[in-house]
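**Q** Here it is, the structure, as structure tokens.
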Amino acid sequence: MFSLVRSFRYPAGLCFGLWMCTLPMTATAESAGHYGYGETATKAQIAGWDIDVRPDGKGLPDGSGSVDEGMKVFETYCSSCHGAFGEGMGRYPKLAGGDGTLADDRPEKTVGSYWPYASTLWDYIHRAMPFFAPQSLSNDQVYALTAYVLNLNYIVDGDFVANKDTLPTVKMPNEDGFIWQDPRPDTDNKRCMHACKDNVTVSDSAANKNLTPSTTGPLDEGLTE
Amino acid sequence: MVGSAFSGFAKRASAAETQYPPGIPAWTRSLGAGVVADPYGMPSPFEKGVIRRNVPWLTAEKKSSVSFSPLQHLKGIITPNGLFFERHHAGRPEIDPQQHRLMIHGLVERPIILSMEDLQRFPSVSQIHFIECPANGGMEWRGAQMNSLQFLHGMVSCAQWTGVRLSTLMQEVGIRPEGKWVLAEGADGAAMTRSIPLEKVMDDVIVAYAQNGEALRPEQGYPVRLVVPGWEGNTNVKWLRRLEVGDKPWMQREETSKYTDLMPDGTARGFTWIMDAKSVITSPCPEMPLKGKGIYQIEGLAWSGRGRVKAVDISMDGGRNWQKAQLQEPVISKALTRFALEWNWDGKPALLQSRVVDETGYVQPTLAQLKAVRGTSSIYHKNAIQTWQLNADGSVDNVQLG
């Protein structure tokens, strides 16, 4: 990389600012590479970082994991925050349950009730979980956890084995619950200037609710719940 | 904070002599600290209360949490780098820029890996844009909770960003005809990802390495982040390590499980990227009460993810009647904009509101209008008109109207 960079910089300096000379010479640059900066990424370099997985299964690696295997991994790495059965702990997320609650006053958005794609579960566990040691699990462990969490939500049976062929076939209950076209603007307020409404009533006030941390002095660690 | 500073000052002054006329202040009759006493300057110690603050009960812990900008103390449209709001999903990583790399690959002619030195050789742009978390104000859908401007609206900040247009980098790698989306990924412990359509990528997205004239702060993605003007803060991926061109969106956790808006019928909206127009009065506010009747400058901030602020109106009577406020220069597309209106307060209770109109003609909605469409469970994109109840004693409370 550095020899490439130098070979461009040095002749540019010799040209005393003639702009043509500052362009990379086409002999070394690809048709796309006008500037030619950086190095061409090798397949091995890309493979090391290209961890994303799509709903159609693109990106899923080799490996596999069963529901039973997933239960053991879950107990070791996950249950301290998410609970043994994905019921959540405190403000750590609930992973299972909530079926049919999305239209309720207090909806429960879980993997089973809300997430549209099973691939996202594999992708997210693999890239960011467990919270305290991200990207530390093997592919087999991630497959096993994915199978276990899907089973906790009754989306797959107990004998399910997750791998790159089976996971893309899992249809999530709420897949069709999403609209991927932004319908906004969805309000139509008018720029009225005078006598815009008859009555104004205050329906709620934040005063005296004791939810607001202090906004003066040092950081307020007091209000915890 | 200013009040407490002055009361401490008054105590000292009475012990010695006054520091104000006709007395001559101690600092006028002595020498101050020399240059480089603070090689990287700090605010006055009298400003030590002007800080980002968090809501301890809001999140399980601080590594996946938010802090709020002290909008009540800020002037102009630029947020100082140390006061820019924070949102981390796995804590703030400390990244060595010599070791950091940005990889661009996928459906491209020439996948590349750039060092930070390589990146800074490309032609740069410097643009002023706000970034707002779409959950800003999201605690208030079901009722008034936070009695504070900072905690209600402080997940918006604005800076001048310097970096390379993403379109420049895309031209450099050469997008294949089937390439329609770009996945941006962070190098933090969350490896945060979002899918961005090519149309936006080629429009105004910046791969930024500087913020208000200096390197990005670690909290803002040092050494490099995405700036996606006018779009959800979450798409402005920090600590950027990878950009992949693909033919479909990736449906990542941050665009399916999170950052989607649940509607009252149980369906959810995805890809609601744009931050709709919003405004808020920053003085007075709960932190900045009035001190008796008289002439005041009502001041505030307005912004729109769809372009420029066209106008801001202010009501003193809960939205019955409105007056046009003055916009203060500069008025920049997808940036915070200042407004002001002089008001002679008669000392009676009042309900103060501001309402922005952006260049598309969109008028900021009332909370009732928003709730009529979206219910109370959508968390994100609450850009409703804020009502401040000004009490006869000059104190200000966050209220909602029926």
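**Q** Out of B:Thr376, B:Thr193, B:Thr162, any idea which swings most in a Gaussian network model of chain B, alpha carbons joined below 10 Å?
**A** Maximum among the listed residues: B:Thr376.
**Q** Related question: As I understand it, the dipole of the protein assembly as shown uses +1 on the Cβ of Lys and Arg and -1 on the Cβ of Asp and Glu, about the Cα centre. Which of A:Gly88, B:Pro123, B:Pro39 lies farthest toward its positive end?
**A** Comparing the listed Cα positions along the dipole, B:Pro39 ranks first.
**Q** Another question, if that's okay. For a quick check, take a GNM of chain B with Cα springs below 10 Å and name the residue from B:Asp203, B:Asp265, B:Asp96 with the largest mean-square fluctuation.
**A** Largest GNM mean-square fluctuation: B:Asp265.
**Q** Zone of A:Cys196 (label point 7 Å along Cα→Cβ, backbone N under 14 Å): which residues in the range B:367-384?
**A** B:367-370, B:384
**Q** Hey, got the average number of other protein chain Cβ atoms within 10 angstrom for residues in B:101-114?
**A** Values: counts 5, 1, 7, 2, 7, 3, 0, 2, 4, 9, 9, 11, 9, 5.
Per-residue shielding by partner chains comes out at 5.
**Q** What trypsin sites (Lys or Arg not before Pro) in the range B:60-166 are in a loop by DSSP, with at most 10 other Cβ atoms within 10 Å of the Cβ? Walk me through the intermediate numbers first.
**A** Working: sites: B:Lys62, B:Lys63, B:Lys75, B:Arg87, B:Arg101, B:Arg121, B:Arg142, B:Arg165; in loops: B:Lys62, B:Lys63, B:Lys75, B:Arg101, B:Arg121, B:Arg142.
Hits after loop and neighbour filter: B:Lys75.
**Q** Go through B:Leu226, B:Met170, B:Gly189 and say which Cα lies farthest out towards the positive end of the charge dipole of the range B:88-269; charges sit on Cβ, +1 for Lys and Arg, -1 for Asp and Glu.
**A** B:Gly189
**Q** What is the spin-label model distance, in nm, from A:Lys58 to A:Thr169 if the labels are put 7 Å beyond Cα along the C-beta direction?
**A** Here the modelled spin labels are 2.2 nm apart.
**Q** List the lysines whose alpha-carbon lies under 20 Å from that of A:Lys109, not counting same-chain residues fewer than 8 positions away?
**A** A:Lys94, A:Lys171, B:Lys258, B:Lys371, B:Lys382
**Q** Related question: Could you tell me the distance between the Cα centroids of the range A:100-138 and the range B:255-322, to the nearest Å?
**A** About 31 Å separates the Cα centre of the range A:100-138 from the one of the range B:255-322.
**Q** List the longest stretch of chain B that has no exposed loop site; here a site is one of the GluC sites (Glu not before Pro) assigned by DSSP to anything other than H, G, I, E or B, with at most 14 other Cβ within 10 Å.
**A** Values: sites that count: B:Glu17, B:Glu61, B:Glu94, B:Glu109, B:Glu178.
Formally, the longest exposed-site-free interval is B:179-402.
**Q** Here is a further query. Quote the charge dipole size of the protein assembly as shown about the Cα centre in Debye, to the nearest 20; the model charges only the Cβ of Lys and Arg (+1) and of Asp and Glu (-1).
**A** Numbers: 62 positive and 69 negative charges, 361 e Å.
Magnitude of the dipole: close to 1740 debye.
**Q** Hey, another quick one. If you take each beta carbon of peptide A:47-55 and count the beta carbons of other chains within 10 angstrom, what is the mean? Please list the in-between numbers first.
**A** Working: counts 0, 1, 10, 8, 4, 12, 3, 9, 5.
Going residue by residue through A:47-55 and averaging, the value is 6.
**Q** Can you list the aspartates and glutamates whose alpha carbon is less than 20 Å from that of A:Lys209, not counting same-chain residues fewer than 8 positions off?
**A** Cα-Cα hits under 20 Å: A:Asp220, A:Glu221, A:Glu225, B:Glu140, B:Glu287, B:Asp393, B:Asp397.
**Q** Could you give me the ³J(HN,Hα) list for the range B:142-147, computed from phi with Karplus coefficients 6.51, -1.76, 1.60 and θ = phi - 60°, whole Hz, x at Gly and Pro?
**A** Values per residue, Gly and Pro as x: 9, x, 7, 10, 8, 9 Hz.
**Q** What does the helix-only formula give at 222 nm for the protein assembly as shown: each DSSP H stretch with n ≥ 4 adding -39500 (n - 2.57), the total divided by the residues, and the result rounded to the nearest 500 deg cm²/dmol?
**A** Details: 13 runs with 107 residues, N = 627.
Counting only the DSSP helices, I get -4500 deg cm²/dmol.
**Q** Here's something else I'd like to know. Using +1 on the beta carbon of Lys and Arg, -1 on that of Asp and Glu, and nothing else charged, what's the dipole of the range B:253-402 about the Cα centre, debye to 20? Walk me through the numbers before you get to the answer.
**A** Values: 18 positive and 16 negative charges, 44 e Å.
Once rounded to the nearest 20, the dipole reads 220 debye.
**Q** If you don't mind, another one. Taking the Cα centre of the range B:47-169 as origin, sum charge times position over the Cβ atoms of Lys and Arg (+1) and Asp and Glu (-1), and report the length of that vector in debye to the nearest 20.
**A** Details: 13 positive and 10 negative charges, 41 e Å.
Around 200 debye, computed over the range B:47-169.
**Q** Stick to Cα atoms and the Kirkwood definition of Rh, then tell me Rg/Rh for the range B:278-399. Walk me through the numbers before you get to the answer.
**A** Numbers: Rg = 14.4 Å, Rh = 14.8 Å.
Across the range B:278-399, the Cα-based Rg/Rh ratio is 0.98.
**Q** Continuing with the same structure: Show which lysines lie in cross-link reach of B:Lys180 when reach means a straight Cα distance below 20 angstrom and same-chain residues fewer than eight apart are skipped.
**A** Cα-Cα hits under 20 Å: A:Lys58, B:Lys200, B:Lys248.
**Q** Going by amide H atoms built from the backbone, whose H comes under 5 Å of the H on B:Leu401, apart from near neighbours?
**A** Under 5 Å from the amide H of B:Leu401: A:Ser203.
**Q** Taking amide H atoms as placed 1.01 Å from N in the peptide plane, list the residues 5 or more away in sequence, or in a different chain, whose amide H sits under 5 Å from that of B:Arg194.
**A** B:Ala184
**Q** Suppose R0 equals 41 Å; then what is the FRET efficiency for B:Gln19 and A:Gln181 from their Cβ-Cβ distance, rounded to the nearest 0.05?
**A** Working: r = 63 Å, r/R0 = 1.54.
That pair, B:Gln19 with A:Gln181, gives E of 0.05.
**Q** Leaving out ligands, DNA and RNA, calculate the buried accessible area for the pair B and A with a 1.4 Å probe, summed over both sides, in Å² to the nearest 100. Each step should come with its number before you reach the end.
**A** Values: alone 19010 and 16990 Å², together 27340 Å².
The summed interface area works out to 8700 Å².
**Q** Under a GNM of chain B (C-alpha, springs under 10 Å), which listed residue has the highest mean-square fluctuation: B:Pro111, B:Pro43, B:Pro134?
**A** Among B:Pro111, B:Pro43, B:Pro134, the largest GNM mean-square fluctuation belongs to B:Pro43.
**Q** Cα-based Rg (one decimal) and Dmax (whole number) for the protein assembly as shown, in Å?
**A** Just the Cα atoms of the protein assembly as shown yield Rg and Dmax of 26.7, 88 Å.
**Q** As I understand it, the dipole of the protein assembly as shown uses +1 on the Cβ of Lys and Arg and -1 on the Cβ of Asp and Glu, about the Cα centre. Which of B:Leu152, A:Pro134, A:Met71 lies farthest toward its positive end?
**A** Sorting the options by dipole projection puts first B:Leu152.
The values are calculated or read from the model by the stated rules, or taken from the named source; none is laboratory data. For clarity, every value in this text was computed on a predicted model and none was experimentally measured. Quick reminder, even Gly has a Cβ in these numbers, built from the backbone with ideal geometry, and neighbours come from all protein chains shown. For the accessible areas, the whole protein counts, side chains as well, though only heavy atoms, and no ligand, DNA or RNA atoms are used. Shrake-Rupley method; radii C 1.70, N 1.55, O 1.52, S 1.80 Å.
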